[in-house]
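The structure appears right after this line, and notes come after that.
The values are calculated or read from the model by the stated rules, or taken from the named source; none is laboratory data. The structure presented is a predicted model; accordingly, all values stated were derived computationally and were not measured. Cβ atoms come from the backbone with ideal geometry, glycine included; neighbour counts cover every protein chain shown.
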């Protein structure tokens, strides 16, 4: 129901809130949920997130001390895993280890483990070559 402009307009503000040092965990969590929904909609939204330094922001929020922020960041990235820059980040051994650790922690946080495992499963068909 929303136009392209209406879908793309809030991305910059949502990412700003995710990065803001005084943002609460709740604000980050809600912003990440909105970004997750936008990333699931279409490729233009993913491009806008990536183009606004969103990949770096989401990857850093996977290190959050807050469980729900960590989960929402992982879910957002899972919706963007087909993007070449996200796939390239998963080729980095340190990033891959983080995703594996999140997937392994199913006893403490099953939803985050599912998101990480799902993202890894979707990325597993990546042949390690940059796509144009």
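When the range 102-121 is examined, which residues are found to be under 25 Å from residue 30 (Cβ atoms) and either buried (at least 17 other Cβ atoms within 10 Å of the Cβ) or in contact (Cβ under 8 Å) with a residue 12 or more places away in the chain (or both)?
Matches in the range 102-121: 102, 103, 109, 111, 112, 113, 114, 115, 116, 117, 118, 119.
Condition first: surrounded by 14 or more Cβ atoms within 10 Å (Cβ to Cβ) and free of Cβ contacts under 8 Å to residues at least 24 places away in the same chain. Now tell me which residues in the range 17-36 satisfy that.
17, 23, 27, 30, 31
Residues being farther than 13 Å from residue 69 by Cβ, modelled with pLDDT of 95 or more and outside any helix (DSSP H, G or I): count how many of those fall in the range 22-51.
1
Give the range 52-72 a look and list any residue that's within 17 Å of residue 21 (Cβ to Cβ) and either in contact (Cβ under 8 Å) with a residue 60 or more places away in the chain or not in a helix (DSSP H, G or I) (or both), or say none.
Correct list: 53, 63, 64, 65, 66.
From the list 37, 52, 25, 79, which residue is farther than 27 Å from residue 117 by Cβ and out of contact with any strand residue (DSSP E or B) (no Cβ under 9 Å at 6 or more places or on another chain)?
None of the others qualify; the one that does is 52.
Matching residues to (1) modelled with pLDDT under 95; (2) more than 19 Å from residue 32 (Cβ to Cβ); (3) part of a helix (DSSP H, G or I):
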| site | (1), (2), (3) |
| --- | --- |
| 74 | no, no, yes |
| 87 | yes, yes, yes |
| 98 | yes, no, yes |
| 114 | no, no, yes |
